[in-house]
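A.B. asks: First the structure, then my questions, so here it is.
The values are calculated or read from the model by the stated rules, or taken from the named source; none is laboratory data. Bear in mind that the values here come from a model prediction, so they are computed numbers and not experimental data. Virtual Cβ from ideal backbone geometry, glycine too; neighbours counted across all protein chains shown.
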Amino acid sequence: MAIAGAPTAAAHAAGMAAYFRDGERRARSLGNRGPIRFKRGNALDDAILEAYWQHGFYVFKNVIDADELAELRTDMATLLARAPASPDAEVDAAGRRAIGQEFERPTFSFIKPLADPWGGTSQLGGRHPSKMVEPTPAQDAPDAVVYMAHGMCQTMPSGLRLYGHPQLLAIAENVNGADFTPFNDAIFVKQPGLGGSVAWHQDGLTHWSSPDWDEGIHGFNFQVQLYATTPGNGLWVMPGTHKLGKLDIKAMVAANGGSERLPGAVPLLCEPGDVTIVNRQALHCSFANTSDALRISLTFGFHRRASVLGVAGKLTQNVDTVYDEARVFERSAVIAVAIDARRQRHPLETPYVYQPFVGLEDDYRHNDDTHERVIRNYNLKDLGI
C-alpha cells in the first residue's frame, strides 16, 4: 500500500541523482582506497592506517579472488533460495523446509519493500533517531523481502572460511590489537527496487561516556561485497565523524531541512570482491535501493578485548549480560575454528595465527565436534557494545 506523500521508486531515484553524483566525486577524492599492503609480516602499511584513522573507513580493493567469490555467491544464492517464503513460513518458495529452523536465533529478518524498519524507533537502543524516506514500491512487489541474514558461519561453509581470512584478521590485529575479539556478523541484502534503508546512526552504545573513550573504542565492521556497490545501493559514511563523540543525529537532519541527504557524506564504492572497513563510531546510513543493482554485503566486526571484557552487553539478544573471560573466549573460539576451516580449503595459504588460541589449535580444528560445540548457535554469544 502506498504511503501518502511517499515518492514512487522512480521519483526517488531521480531525486537522489545529483546527491549521488556529488557524493561519488567526494568519495573518489579522499585517497582511502587501494589493495591491502603490509610493510612486514602482519604490520599494515602506515599510509593505510593513517587514512583509516583520518576518515573512519577504507576500501580494500580485490581482496577476495574469483574462486572464493564464486563460492560465496553460490552459498549465498542457496541460502536465499531456502529462506522462508514469508516471515512466518516454515517452508521456502519451492515448498522445502526453510533454512534456519534448526538454530535458536532467527536466520532471516524481513521488511516491507523499500522500508526503513529502525529509523525513528526505540529499536537497537534508539540509535536511529530520524526516519528515512520510504518510497512506494512497484505494484507487483512482494509484501515482504529479506533484509538481513544472520549466522553466516553456520549457514554458509564459505562464510565460515571467510571469517578466517588471514589478511582480514591481520587488519583486525592492526586496528584492535593481537588479542582482538569478535563482535557479530550479518548479511545485508538490498534487492533492486526492493531493498530497505538503514537510517543515519552511529553503531556504538556502550562507551560514549567512558573515561577511556577514544575514536576506536567501539570497534569496526568489515563488509565483503559480493556485487558492485553504488551510491544507490551502498553504505554512506560521513568522513571523520568517528572522532566527534556521540552526535545529535536528529538535530543534524532537522538543520538540513528535514532531509536525509546530509551534506558531506560519501558512498562506499566497490567492485565485487572488495572489502570495506568502517569504524563503528562513524555516522553512516544506506538509502532505500530504488536502483537496478543488487547489493549483498557480508558484514562482520571486531573489538578491542579491553572494550568488551567486564562490560555489560548491548545490541545482542543477551542485553546486560556481563562479558567475562569465559564468554569472550567462547565467542572468540569461532575465529580459531574458522582459521582451520580455511586452512583445510586453502592448504597453500599461510593461516593467520590468532594469539589468544596459540597452543590450543588442535582443540579447535574444524570437524564435526567443533562445528557442533563451537559453531552451532555461536551468534547467541555475540559481543555487542
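A.B. asks: Being part of a strand (DSSP E or B) and either buried (at least 24 other Cβ atoms within 10 Å of the Cβ) or polar (S, T, N, Q) (or both) is the filter here, so list the residues in segment 156-188 that pass it.
C.D. replies: The initial filter retains those residues of segment 156-188 that are part of a strand (DSSP E or B), namely 181-188.
Passing the criteria: 181, 182, 183, 184, 187.
A.B. asks: Which ones in segment 52-88 are farther than 26 Å from residue 146 by Cβ and crowded, with 19+ Cβ neighbours inside 10 Å?
C.D. replies: 52, 55, 56, 58, 60
A.B. asks: Of all residues in segment 200-250, count the ones that are in contact with a Cys (Cβ under 6 Å, 6 or more places away or on another chain) and not aromatic (Phe, Trp, Tyr).
C.D. replies: Of the residues in that region, 2 qualify.
A.B. asks: OK, next. May I ask you to verify whether residue 251 is in contact with a helix residue (DSSP H, G or I) (Cβ under 8 Å, 6 or more places away or on another chain) and among the small types (Gly, Ala, Ser)?
C.D. replies: Taking the combined requirement at face value, the residue does not satisfy it.
A.B. asks: Here is a further query. Do any residues in segment 19-43 that are free of Cβ contacts under 8 Å to residues at least 12 places away in the same chain have Cβ atoms under 9 Å from those of residues that are small (Gly, Ala, Ser), where the two are at least six apart or on different chains, and which pairs are they?
C.D. replies: So the pair list comes out as 37/47; 41/170.
A.B. asks: Is it the case that some residue within segment 73-95 is out of contact with any strand residue (DSSP E or B) (no Cβ under 7 Å at 6 or more places or on another chain), under 29 Å from residue 219 (Cα atoms) and either modelled with pLDDT under 95 or assigned to a helix (DSSP H, G or I) (or both)?
C.D. replies: There is at least one residue in segment 73-95 that is out of contact with any strand residue (DSSP E or B) (no Cβ under 7 Å at 6 or more places or on another chain), under 29 Å from residue 219 (Cα atoms) and either modelled with pLDDT under 95 or assigned to a helix (DSSP H, G or I) (or both).
Yes/no matrix, rows are residues, columns are (1) over 16 Å from residue 291 (Cα atoms); (2) assigned to a loop (DSSP other than H, G, I, E, B); (3) in contact with a Ser or Thr (Cβ under 9 Å, 6 or more places away or on another chain); (4) among the β-branched types (Val, Ile, Thr):
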{"residue": "125", "(1), (2), (3), (4)": "yes, no, no, no"}
{"residue": "128", "(1), (2), (3), (4)": "yes, yes, yes, no"}
{"residue": "140", "(1), (2), (3), (4)": "yes, yes, no, no"}
{"residue": "149", "(1), (2), (3), (4)": "yes, no, yes, no"}
{"residue": "154", "(1), (2), (3), (4)": "yes, no, yes, no"}
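A.B. asks: Now for a separate question. Taking segment 18-44 on its own, how many of its residues are among the small types (Gly, Ala, Ser), loosely packed, with under 12 Cβ neighbours inside 10 Å and not in a loop (DSSP other than H, G, I, E, B)?
C.D. replies: Qualifying residue count, segment 18-44: 2.
A.B. asks: Something else: Quick one: what pairs do we get from segment 100-112, first residue charged (D, E, K, R), second buried (at least 17 other Cβ atoms within 10 Å of the Cβ) and not in a strand (DSSP E or B), C-beta under 6 Å, 6+ apart or different chains?
C.D. replies: Partner pairs satisfying both residue conditions: 105/379.
A.B. asks: Still on this structure: What's the number of the only condition in (1) in contact with a strand residue (DSSP E or B) (Cβ under 8 Å, 6 or more places away or on another chain); (2) outside any helix (DSSP H, G or I) that residue 334 fails to meet?
C.D. replies: Residue 334 satisfies every listed condition except (2).
A.B. asks: What residue, of 134, 68, is modelled with pLDDT of 95 or more, out of contact with any strand residue (DSSP E or B) (no Cβ under 6 Å at 6 or more places or on another chain), in a helix (DSSP H, G or I) and acidic (Asp, Glu)?
C.D. replies: Result: 68 is the single residue among 134, 68 that is modelled with pLDDT of 95 or more, out of contact with any strand residue (DSSP E or B) (no Cβ under 6 Å at 6 or more places or on another chain), in a helix (DSSP H, G or I) and acidic (Asp, Glu).
A.B. asks: How many residues does segment 362-385 contain that are surrounded by fewer than 21 Cβ atoms within 10 Å (Cβ to Cβ), farther than 20 Å from residue 327 by Cβ and in contact with a helix residue (DSSP H, G or I) (Cβ under 7 Å, 6 or more places away or on another chain)?
C.D. replies: Number satisfying all stated conditions: 1.
A.B. asks: Looking at 280, 342, 331, 295, which one is crowded, with 21+ Cβ neighbours inside 10 Å, more than 30 Å from residue 31 (Cα to Cα), under 19 Å from the mean Cα position of the chain (by Cα) and not small (Gly, Ala, Ser)?
C.D. replies: 331
A.B. asks: Of everything in segment 31-61, what is of a type in the set (A, V, I, L, M, F, W, C) and within 30 Å of residue 134 (Cα to Cα)? Give them in sequence order.
C.D. replies: Passing the criteria: 57, 59.
A.B. asks: Then there's this: When the residues of segment 122-146 are filtered to those that are in contact (Cβ under 8 Å) with a residue 60 or more places away in the chain and of a type in the set (A, V, I, L, M, F, W, C), which remaining residue is farthest from residue 320 (Cα to Cα)?
C.D. replies: 138
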